[in-house]
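Student: I'd like to ask you about the structure that follows.
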Amino acid sequence: MGLLSNLKKIFTGKKPEEPEAAPEPVTVPEPVTVPKARPEAKPAVKPGDVKVEKKPEIHEKEEKPVAEKITIGHVHMSGCTGCLVSLADNYEGLFTLLDNYADLNYCLTLADVRDIPKMDVALVEGSVCINDHHSVEDIKKARRNATIVVALGSCAAYGNITRFARGGQWNQPQHENYVPIGDLINVDIYLPACPPSPESIRNVAVMAYLLLRGTDEQKELAAAYLKPLMDLAQRGTEACGCDLIYDVINQGLCMGCGTCVATCPVRAISMECGKPNIDRDLCIKCGACYAQCPRSFFNFDVMNQFEAIGEVIDAAMGKGDE
Amino acid sequence: MVLGNYKNCVSARAADPAVLSASQDGGIVTQLFAFALEEGIIDGAVVAGPGDEPYKPEPIVATTVAELMEARGTRYTICPNVAMIKEATRSYGLDKVGIVGTPCQIQAVRKAQLYPMGMRSVGDKIALAIGIFCMENFPYQGLETMVEDLCNVKMESAVKMDIGKGKFSVYTSRGAVSQIPLKLTHKFEQPGCHVCLDYVANLADVSTGSVGSPDGWSTVLTRTKKGETIWGKAIEAGYFETKPIEDVKPGLGLLTKLATEKITKNQKTLDERATFGVDKGLRNPYI
Amino acid sequence: MSKVVEISPTTRHEGHTKLTMQVDDSGVVTRGDWLSLTPVRGIEKLAIGKSMHQAPKISSRVCGICPIAHTLAGTEAMEASIGCIIPDDAYLLRVILQCANRVSSHALHNILSLPDMYIPGTDTHINPFTPEEPVRSVAQRIQKLREVGQTVGEIVGGEPIHPSNPRVGGMYKNISPRAQTKINDLVKEAIPLARDHMDFMISVFKDWDDRPMASVAGGKEVEKTEKFGFHDQGYMASDTLYGSSSLDLDQKWYPERWTEVRPWDWYQGELEVSLEDPDYPIGGTTPVGTKVWPAMEACTGVPLYDGAPIETGPRARLAMFRNYDRKGAMGLQIARQMEYMDCLYGMLDAVEALDTNGKVIADDIPQGDGTLGWAANEAPRGTDIHLTKVLNGKVQWYSLLVPTTWNFPTVSRALEGAPWQLTEVIMRAYDPCVSCATHMMVVDDSKKVVAQKLFQ
Ligand SMILES: Cc1cc2nc3c(=O)[nH]c(=O)nc-3n(C[C@H](O)[C@H](O)[C@H](O)COP(=O)(O)OP(=O)(O)OC[C@H]3O[C@@H](n4cnc5c(N)ncnc54)[C@H](O)[C@@H]3O)c2cc1C
Ligand code: SF4
Ligand code: SF4
Ligand code: SF4
Ligand SMILES: [Fe+2]
Ligand SMILES: [Fe+2]
């Protein structure tokens, strides 16, 4: 069953007589900046699959018209490429994404396009070295050329380990200052974690596709799904295990579920007296614990539909029973 | 509405008397996991296992029925079960994970599935999430005070604790029961519970609790396709005795009443938090 | 007359680099520089003062393709400095991780190399992302091999990208018997796939070597030269699979043979681009008239072994320990494919030898007295050496000599004699991983290289 037929059900709900228990419906946000007209958003390079050659016959044989897809670029700043590897760790799903929903029209690690083209979605990995003019130019160009900018991973979103950078290393000891991309450009969507899981990148890609190419209903779903990640982008560029202290425990919101413990990629969190204890000598400031905590954000409008949304994503990826 | 989406609701109890001997209510959680384990529906389950201190649970990954049996019974204190869901899929090598949790913990599991930023390869391995009803929870130090100071029972000698009919009860190994009115326990509640808007684990595959059913029986709600299927198979295999919920007392009416009370009270707390200070409020995670 | 041409940025590898080359009238490289442009995050410096437990977690984040190598090299350097011997079962877990990482890294590299190659017997370049057969099946097999590697990384390492389970003193957790069986099953599933895949990839690389003409993906076909990608440098490897450390009785890496030169002594000075090809895929080469200055722009130092650049990586391992001798860019590519089976059998041996009840953390984890310790890890791309001094649990000094740093000057030499249009093929044969390679210079106050002094 395709996306479209499933979605109707999502928004009407399966048991209309039992609307969700949300205290108040979360208002659906204004979508980022949904592009008005398609033509001008055309990528500089003709989209194909990951386009590594100019053999026309391959594109002719494609079943899905290329125009239906969105274009996604991967912009590598000062990161480790782990976020990109995580995208690739969708395994077969990577092909499903690229076959049906998105052309990867820029990605130095996977394709030969050397200049940042126009694209619908820029997945930016890594923080920006403000002492390196190439990096600064690239991040600005990514913003100008992309409809939606996603801070992919903790270095882009929060700086992560580059927060500790202070220069002094040969052969460029003046490379001292690294800032999260949100300190230089407006970022639409945050996808923190070091690295964000393959599934989370997949979900954002599918939702971005629905947001830009979907029906009104699909747009609404995608906007609702992406809203908390957009809010995270507005929340700021600083993160630390301390956020659990400041914004969850101190605020009287922590209930000791332990999600943060499972999330932390450096095992810096343990539970003491039913609350997380952060080993600040281990924490690398990735912000994953806070983002994953059910008491950082919990959007009932989306969460109450977890089963149906899960099915939609599975259907989109060609998995599931239907 | 306050009971969330569900497909079916029954009153039930485990068919196996060995399970019932030390389960909290109808032994639903233990029996259903045992069934799922035997059928290969799950490879193991995250449950509240015994900890270092008496009545202080620790999350464990149970991969045998014996381990599930060890973890029976409610411990009215925090057991961070979600802390183990990733490890269950890692060093334990599980592909199909069961997890039991309070409503908030089940919320955490669903968020980990829909927004799995830091939860690689966890979401699609959650094979059965059983939610237990929950009005509130207590930090260990709070529970200790309730049991040792107010009920005058050493934690070591407590064998069961229960909340019901307006009382907090502690049963000892020598057969004694010590009770205090529930209102004495309120001050020891975990503050984080006061913003909780879920009583019956709306997002679980199967939810269960005592309220609504007679003593020794449990109220069971099946909510998802997965939950419905597994529950159906377990019934078919004779793992549970069931009665229509309409036929038992106090039934869904009480459950709905308590759920409404909890949500109304906590929604009010959330509203008050919005204007807690002077032109300043406390954070609301739901908006 | 010699001209200057530049490919910037280079593509299909990790990180940011460029190729700045002087070419003769026929476009053949007479002097080539391959250099990193990746900003220097300065892992060596930012680790100073951090706890010895955090530093390897930070160095893992040097690279997301070989994070396991960096985690293990970093952790073991700390252990070497403090003098901590880890339990055998912890070591076995690390060996499993090591093999898992190499499988998935090599498989990823296949995706990056294939576009320059041809479907054997045709003139069609391989686009690994096309849904067309026969390519799709190959791509799926690559993803399957990656999945096996990454899944084992999850089980043993906690995470495959930046593993969380390794720690100074051993591992946080041993694995369960179920997990042990699962790894066994996964590896056995992968073995026949890997064998077919290795054969396929080797035939593809040999096919390329046999062609008189070739192009990079989408580029112009040019005549290939004899000895494409050859160099006369030596090899460096510490083991076929795992590595060596300063705690070993029989050490297999020799710090006293290591020296370093500054990039401005090594790379070309100021130049002006005088040759340009706007059709070079995709987006053309650097415009004529652009001023470039490799010696100033390079982001890495130049490490030498016995006073000369060396090659490290799959071929170096096979050359030193298995008498492998195929030269040139394709010789290296083929060597990489030959490592698949070693990794899988290595994993199988280690997982079978593992005692799942064994302890995996040392009883005694000293805090360190400032002694220098080093660990060399045979990362997918070669010997990854981390050196450190730990005092009272804190890192005093940290240095990373990562594989691609070693390979930069060697690749620069291997470019000579090749048509400039095909130089990316040479570079890509080394599977560059450049975020890693932002080292690395050990200098004293008077800015003199002090490597030797350190080890006296
Ligand atoms: C804090 C708390 C408050 C509760 N409040 C209510 C209530 O208001 N109304 C109501 O009807 N029911 C409530 N329950 C649920 C009830 O007490 C029983 O746990 C439930 O009916 C299951 O009983 P059983 O016989 O089916 O399960 P059993 O077979 O006895 O198994 C219980 C399972 O729950 C797990 N468990 C025990 N303690 C915890 C814990 N602290 N955190 C997570 N998992 C745990 C055990 O490991 C075991 O697997 C509450 C439970 C808890 C933990
Ligand atoms: S995830 Fe959030 S609510 Fe859960 S224990 Fe951690 S801080 Fe508390
Ligand atoms: S405590 Fe862990 S998860 Fe949280 S910010 Fe620090 S490193 Fe990240
Ligand atoms: S009341 Fe809510 S927050 Fe508190 S333990 Fe129960 S489910 Fe969790
Ligand atoms: Fe902090
Ligand atoms: Fe690397």
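Student: For a 30 Å ceiling on Cα separation, which of these pairs sit above it: A:Lys285/B:Lys125; B:Lys183/B:Lys226; B:Lys125/B:Lys265; A:Lys140/A:Lys285; B:Lys167/B:Lys265; A:Lys227/B:Lys265?
Tutor: Checking Cα-Cα distances, B:Lys183/B:Lys226; B:Lys125/B:Lys265 exceed 30 Å.
Student: Roll a 1.4 angstrom probe over the protein heavy atoms and tell me the percent of accessible area of the range B:81-197 that is carbon or sulfur.
Tutor: C and S atoms contribute 53 percent here.
Student: In chain C, carbon and sulfur make up what percent of the accessible area (probe 1.4 Å)?
Tutor: On chain C, the fraction of accessible area on carbon and sulfur atoms equals 50 percent.
Student: Where the centroid of each part is defined by its Cα atoms, how far is the range A:268-300 from the range C:281-310 in Å?
Tutor: That distance is 43 Å.
Student: Compute the relative contact order of chain C as a whole-number percentage, counting only Cα pairs closer than 8 Å that sit 6 or more residues apart in sequence.
Tutor: It comes to 28 percent, rounded to a whole number.
Student: Would you mind giving the mean number of other chain beta-carbons within 10 Å of the Cβ of each residue in C:124-135, as a whole number?
Tutor: 6
Student: Something else about it: In whole Hz and in residue order, list the ³J(HN,Hα) couplings for the range C:283-295 that follow from phi through the Karplus curve 6.51 cos²θ - 1.76 cosθ + 1.60, θ = phi - 60°; x for Gly and Pro.
Tutor: Per-residue couplings from phi come out as x, x, 8, 4, x, 4, x, 5, 8, 10, 8, x, 4 Hz.
Student: Here is a follow-up. Using the C-alpha atoms of the protein assembly as shown, what convex hull volume per residue, in cubic angstrom, is computed?
Tutor: Hull volume over Cα atoms, normalised by residue count, gives 165 Å³.
Student: Still on this structure, please answer the following. Per residue of B:197-207, what is the mean number of Cβ atoms on other protein chains within 10 angstrom of that residue's Cβ?
Tutor: Average per residue, whole number: 2.
Student: For C:Lys45, go through the aspartates and glutamates and keep the ones whose alpha-carbon is under 16 Å away, minus same-chain ones fewer than eight residues off.
Tutor: Straight-line reach from C:Lys45, under 16 Å: A:Glu176, C:Asp444, C:Asp445.
Student: Order these peptides, C:342-349, B:265-272, by their mean beta-carbon neighbour count within 10 angstrom, highest first.
Tutor: Result, highest mean Cβ count within 10 Å first: C:342-349, B:265-272.
Student: Can you tell me the orientation of helix C:135-157 relative to chain C, as the angle in degrees between its alpha-carbon axis and the longest Cα principal axis, to the nearest 10?
Tutor: Orientation of helix C:135-157: about 30 degrees from the principal axis.
Student: Next up: Highest first, please rank the peptides C:271-278, A:111-118, A:306-313 by the mean number of other Cβ atoms sitting within 10 Å of their residues.
Tutor: Top of the packing list down: A:111-118, A:306-313, C:271-278.
Student: Taking R0 as 56 Å, what FRET efficiency do you get between C:Gln140 and C:Asp369 from their Cβ-Cβ distance, rounded to the nearest 0.05?
Tutor: So the FRET efficiency works out to roughly 0.60.
Student: With a Förster radius of 22 Å, plug the Cβ-Cβ distance of A:Asn177 and A:Arg280 into 1/(1 + (r/R0)^6) and report the FRET value to the nearest 0.05.
Tutor: Using R0 = 22 Å, I get an efficiency of 0.45.
Student: Can you list the residues, at least 5 places off or on another chain, whose amide H is less than 5 Å from the amide H of A:Ile70, using H built in the peptide plane?
Tutor: Those qualifying (amide H under 5 Å, at least 5 residues apart or on another chain) are A:Ala102, A:Asp103.
Student: Follow-up. Between C:Asp277 and residues 5 or more places away or on another chain, which pairs have amide H atoms under 5 Å apart, with H built 1.01 Å from N, and which residues are they?
Tutor: Result for C:Asp277 returns C:Thr285.
Student: Got the relative contact order for the range B:167-287 handy, in percent, Cα pairs under 8 Å and 6 or more residues apart?
Tutor: Dividing the mean separation by the residue count of the range B:167-287 yields 21 percent.
Student: Let me ask something else about it. How high is the FRET efficiency between B:Asn8 and B:Ala237 when r is their beta carbon distance and R₀ equals 22 Å, given to the nearest 0.05?
Tutor: Efficiency at R0 = 22 Å is approximately 0.85.
Student: Sticking with this structure for a sec: Does anything in the range C:138-156 have its amide N under 19 Å from the 7 Å Cα→Cβ label point of C:Asp207, and if so which residues?
Tutor: C:138-143
Student: Quick one: pull the percentage of alpha-carbon pairs in the range C:136-191 with a separation above 18 Å.
Tutor: 40 percent
Student: Moving on to the next point. By how many degrees, between 0 and 90 and to the nearest 10, does the Cα long axis of helix C:403-414 differ from the longest principal axis of chain C?
Tutor: Its long axis makes an angle of about 20 degrees.
Student: Rounding to the nearest 10 and keeping the result within 0 to 90°, find how far the Cα-based axis of helix C:67-82 lies from the longest principal axis of chain C.
Tutor: 50 degrees
Student: Follow-up question, since we're still on this one. Report the Cα centroid-to-centroid distance between the range B:30-61 and the range B:87-110 in angstrom, as an integer.
Tutor: 11 Å
Student: Any chance you could check the Cα centroid distance between the range C:1-76 and the range A:250-265 for me, in angstrom?
Tutor: 37 Å
Student: While we're here: Principal axes first, then extents: for the Cα atoms of the range C:323-406, list largest minus smallest coordinate on each axis, whole Å, largest first.
Tutor: Projected onto the principal axes, the Cα atoms of the range C:323-406 cover 48, 37, 17 Å.
Student: Here is a follow-up. Pairs C:Lys173/C:Lys389; A:Lys219/A:Lys319; A:Lys69/C:Lys144; A:Lys219/B:Lys268: which are spaced more than 29 Å apart, C-alpha to C-alpha?
Tutor: A:Lys219/B:Lys268
Student: Provide the gained length on full extension for the span B:Lys167 to B:Ile180, in nm with one decimal, where the gain is 0.36 nm per separating residue minus the Cα-Cα distance.
Tutor: Taking 0.36 nm per residue and subtracting the Cα distance, the gain is 4.1 nm.
Student: In deg cm²/dmol and to the nearest 500, what is the mean residue ellipticity at 222 nm of chain C if only DSSP H runs of at least 4 residues count, each as -39500 (n - 2.57), divided by the residue total?
Tutor: Calculated mean residue ellipticity at 222 nm is -12500 deg cm²/dmol.
Student: State, as an integer percentage, the relative contact order of the range B:138-188 based on alpha-carbon contacts under 8 Å between residues 6 or more apart.
Tutor: Value for the range B:138-188: 32 percent.
Student: How would you rank B:231-237, A:86-92, highest first, on the average number of other Cβ atoms within 10 Å across their residues?
Tutor: So the order, starting with the most tightly packed, is A:86-92, B:231-237.
Student: On to the next question. Hey, can you find the accessible area per residue of the protein assembly as shown for me, probe 1.4 Å, expressed in square angstrom?
Tutor: Ligands and nucleic acids excluded, the result is 34 Å² per residue.
Student: Calculate the mean, over all residues of peptide A:155-161, of how many other protein chain Cβ atoms lie within 10 angstrom of the residue's Cβ.
Tutor: Per residue, the average neighbour count from other chains is 2.
Student: So if each residue of separation counts as 0.36 nm, and I subtract the Cα-Cα distance between B:Phe276 and B:Val159, what length gain in nm does that give?
Tutor: 38.0 nm
The values are calculated or read from the model by the stated rules, or taken from the named source; none is laboratory data. Keep in mind it's a predicted model, so treat the numbers as computed, not measured. All Cβ positions, even for glycine, are placed from backbone atoms using ideal geometry, and neighbour counts span all protein chains on display. Each accessible area value is taken on the protein alone, full model and side chains, heavy atoms only, with ligands, DNA and RNA left out. Shrake-Rupley method; radii C 1.70, N 1.55, O 1.52, S 1.80 Å.
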